[in-house]
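The values are calculated or read from the model by the stated rules, or taken from the named source; none is laboratory data. Note that the structure is predicted; figures quoted are calculated from it, not measured. Cβ coordinates were reconstructed from backbone atoms using ideal geometry, including for glycine residues, and neighbour counts include every protein chain displayed.
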Ligand code: PEP
Ligand code: MG
């Protein structure tokens, strides 16, 4: 109910953002001038404080006038001193004091304003009484008003000289010396009614790196000492009495900025946890064993994709089992106890095989590539599998098959793997018989059938590079169709969603290791779709971690839900772009527009 709440309503003021940064604090008004008393409203709850201030100013004034009176008695004689007796009498006149107090209570204004108004109208009445005796009293009343206001504002000046923690100064305007004179350890921000982009308040606030908004026009008359206030020096917004939702939103902005101030170097050592406390595992993709170090230096938690075909591509001769083993061993050693996911060779298409074919394939990406190539070159495949298994005895190793398109293919690959295990057993060679065996999810047929695959593998790794190519029928390396290569295509997103759902239902771990996982906007979508492990090139790990540390899973989920309602890649790209900039503006230089 409205009547039950004493809290004044939230008010938003638009001004000019002259010094960047966001702060949440409490108002301290720096405008109590004896000669210019602004009408300022106070909340009902602030009435007692104003009454107390008034009593205090009256008491101080009475004590002061008594001292003046005593001196006047001695120096000027009883008659002249009588003027001051009149002053004391007025200040002790219960009617006058009651009048000022009832104005504070009824009109909800400051003690300064009630004093100024009450005494001014009293003076007016004397002035118009037409009696010369009364007319001289006008001066006395002005004198009294001046004294009371001096004490009231003196009390404010003392507060301004010793502000509380987290103070935001609100004023009509501030002189440069005022602005520079505040205790910087206590004053968080400035907000004024007057002023432009190049006003002195602006220049000095910027130099002091204190957030400031000027030109708020009507802020002062609504502000009151102790009111909660937000100064958004980035957007030029001032919020008085922010409600809980607004406070929460701004707290989040502030927290994000704090997190974003972490350098990319420091973030490498920090855990990759979202603002709402969910751990997102960021792993590295590597082509060569020595890159493990690079991944760790960038803050990766392990190796999510080791593309072993590079063994072939660097030497351009068929590697031996020993060559394979040497590379994997090095990898496992460098990984120092963290998991390495070794992918069996993904040769074919653009990689290696074409140049050796007598008749090049017409559609190499749809041809004898990857797992298909391996299943047709079993001795070669077995050499690699032996080496991977042997490496699994040295540390936590998982393996996965690329380009699986059908259950039959997967079973065939697993059958060969079992064969190799038996061989190693017979030979007495060590390996981990419980090694995790996973598959890449990078062909639509597999994604659509994810439920079935989930029953037969230990994990999925979504490869968006190929999933996009095969879903959209767009050659991933053909520049003529590059504009059609869109990871934000709704069909791709739906396939990813379905894979993640199937994986969840079967408790099958799922990660994403395509390039898109390293794109901040797309990563947000992936997290929203339920992915908790992303494997990316080492160079993007720090910024990806920093970004993830600035979002909540809830925000990502909302983005994903929205994305799933859209039916064009352009719309989804725009959505991701806008949302990411809105949620983590720091990641994109400057915050999103309203
Ligand atoms: C993918 O297809 O997304 C993937 C990670 O594998 P590659 O880029 O090696 O084909
Ligand atoms: Mg691939």
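Does region 292-302 hold any residues that are over 27 Å from the mean Cα position of the chain (by Cα) and either surrounded by fewer than 20 Cβ atoms within 10 Å (Cβ to Cβ) or within 16 Å of ligand 2 (Cβ to nearest atom) (or both), and which are they?
Of everything in region 292-302, those that are over 27 Å from the mean Cα position of the chain (by Cα) and either surrounded by fewer than 20 Cβ atoms within 10 Å (Cβ to Cβ) or within 16 Å of ligand 2 (Cβ to nearest atom) (or both) turn out to be 293, 294.
Just to be sure, is residue 144 surrounded by 13 or more Cβ atoms within 10 Å (Cβ to Cβ), farther than 17 Å from residue 38 by Cα and under 55 Å from the mean Cα position of the chain (by Cα)?
Spelling it out, residue 144 is indeed surrounded by 13 or more Cβ atoms within 10 Å (Cβ to Cβ), farther than 17 Å from residue 38 by Cα and under 55 Å from the mean Cα position of the chain (by Cα).
Find the residue count for region 278-297, including only residues that are at pLDDT 95 or above and part of a loop (DSSP other than H, G, I, E, B).
Qualifying residue count for the region: 2.
Please state which of the following conditions residue 187 fails to meet, knowing it meets all the rest: (1) more than 14 Å from residue 25 (Cβ to Cβ); (2) modelled with pLDDT of 90 or more.
With (1) more than 14 Å from residue 25 (Cβ to Cβ); (2) modelled with pLDDT of 90 or more applied to residue 187, the lone miss is (1).
Whether any residue in region 543-559 is part of a helix (DSSP H, G or I), in contact (Cβ under 8 Å) with a residue 40 or more places away in the chain and within 14 Å of residue 487 (Cα to Cα) is what I want to check.
no
May I ask you to list the residues in region 507-517 that are within 13 Å of ligand 1 (Cβ to nearest atom), modelled with pLDDT of 95 or more and either surrounded by fewer than 24 Cβ atoms within 10 Å (Cβ to Cβ) or not in a helix (DSSP H, G or I) (or both)?
Once the filter is applied, which keeps residues that are within 13 Å of ligand 1 (Cβ to nearest atom), modelled with pLDDT of 95 or more and either surrounded by fewer than 24 Cβ atoms within 10 Å (Cβ to Cβ) or not in a helix (DSSP H, G or I) (or both), region 507-517 yields 511, 512, 513.
Any idea which of (1) more than 13 Å from ligand 1 (Cβ to nearest atom); (2) out of contact with any helix residue (DSSP H, G or I) (no Cβ under 7 Å at 6 or more places or on another chain) is the one residue 521 doesn't satisfy?
(2)
Could you check residue 411 against (1) within 23 Å of residue 495 (Cα to Cα); (2) in contact with a helix residue (DSSP H, G or I) (Cβ under 8 Å, 6 or more places away or on another chain) and say which number it fails?
(2)
What residue, among those in region 171-183 that are touching a residue at least 12 places away in the same chain (Cβ under 8 Å) and out of contact with any helix residue (DSSP H, G or I) (no Cβ under 6 Å at 6 or more places or on another chain), is nearest to residue 53 (Cα to Cα)?
171
Within region 383-422, can you find the residues that are touching a residue at least 40 places away in the same chain (Cβ under 8 Å), more than 16 Å from ligand 2 (Cβ to nearest atom) and over 44 Å from the mean Cα position of the chain (by Cα)?
383, 384, 385, 386, 387, 390, 411, 414, 416, listed by residue number.
Listed here are the residues, each with its yes/no results for (1) within 13 Å of the chain's Cα centre (by Cα); (2) buried (at least 18 other Cβ atoms within 10 Å of the Cβ); (3) closer than 14 Å to residue 464 by Cβ.
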site: 521; (1), (2), (3): no, yes, yes
site: 538; (1), (2), (3): no, yes, no
site: 547; (1), (2), (3): yes, yes, no
site: 558; (1), (2), (3): no, no, no
site: 563; (1), (2), (3): no, yes, no
site: 567; (1), (2), (3): no, no, no
site: 570; (1), (2), (3): no, no, no
site: 574; (1), (2), (3): no, no, no
site: 580; (1), (2), (3): yes, yes, no
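Exactly one of these conditions fails for residue 424: (1) within 16 Å of ligand 1 (Cβ to nearest atom); (2) more than 17 Å from residue 517 (Cβ to Cβ); (3) surrounded by fewer than 23 Cβ atoms within 10 Å (Cβ to Cβ). Give me its number.
With (1) within 16 Å of ligand 1 (Cβ to nearest atom); (2) more than 17 Å from residue 517 (Cβ to Cβ); (3) surrounded by fewer than 23 Cβ atoms within 10 Å (Cβ to Cβ) applied to residue 424, the lone miss is (1).
Taking only region 463-492 into account, find how many residues are within 15 Å of ligand 1 (Cβ to nearest atom) and not in a loop (DSSP other than H, G, I, E, B).
Adding up the residues that qualify gives 10.
Against the condition touching a helix residue (DSSP H, G or I) at 6+ places or on another chain (Cβ under 6 Å) and more than 26 Å from residue 399 (Cα to Cα), how does residue 482 come out, does it pass?
Criteria not met by residue 482.
Could you tell me which of the residues 366, 313, 305, 375 is in contact with a strand residue (DSSP E or B) (Cβ under 8 Å, 6 or more places away or on another chain), surrounded by fewer than 24 Cβ atoms within 10 Å (Cβ to Cβ) and closer than 30 Å to residue 473 by Cβ?
313
Inspect all residues belonging to region 495-506 and state whether any of them is surrounded by fewer than 20 Cβ atoms within 10 Å (Cβ to Cβ), at pLDDT below 95 and either under 18 Å from residue 304 (Cβ atoms) or more than 16 Å from ligand 1 (Cβ to nearest atom) (or both).
No: region 495-506 contains no residue that is surrounded by fewer than 20 Cβ atoms within 10 Å (Cβ to Cβ), at pLDDT below 95 and either under 18 Å from residue 304 (Cβ atoms) or more than 16 Å from ligand 1 (Cβ to nearest atom) (or both).
What's the total number of residues in region 466-485 that are under 15 Å from residue 405 (Cα atoms) and either near ligand 2 (Cβ under 9 Å from one of its atoms) or over 35 Å from the mean Cα position of the chain (by Cα) (or both)?
4
How about region 200-238: which of its residues are buried (at least 18 other Cβ atoms within 10 Å of the Cβ), in contact with a strand residue (DSSP E or B) (Cβ under 8 Å, 6 or more places away or on another chain) and part of a helix (DSSP H, G or I)?
Matches in region 200-238: 201, 202, 205, 219, 220, 222.
Would a scan of region 492-501 turn up a residue that is free of Cβ contacts under 8 Å to residues at least 40 places away in the same chain, within 16 Å of ligand 2 (Cβ to nearest atom), more than 24 Å from residue 399 (Cβ to Cβ) and in contact with a helix residue (DSSP H, G or I) (Cβ under 6 Å, 6 or more places away or on another chain)?
yes
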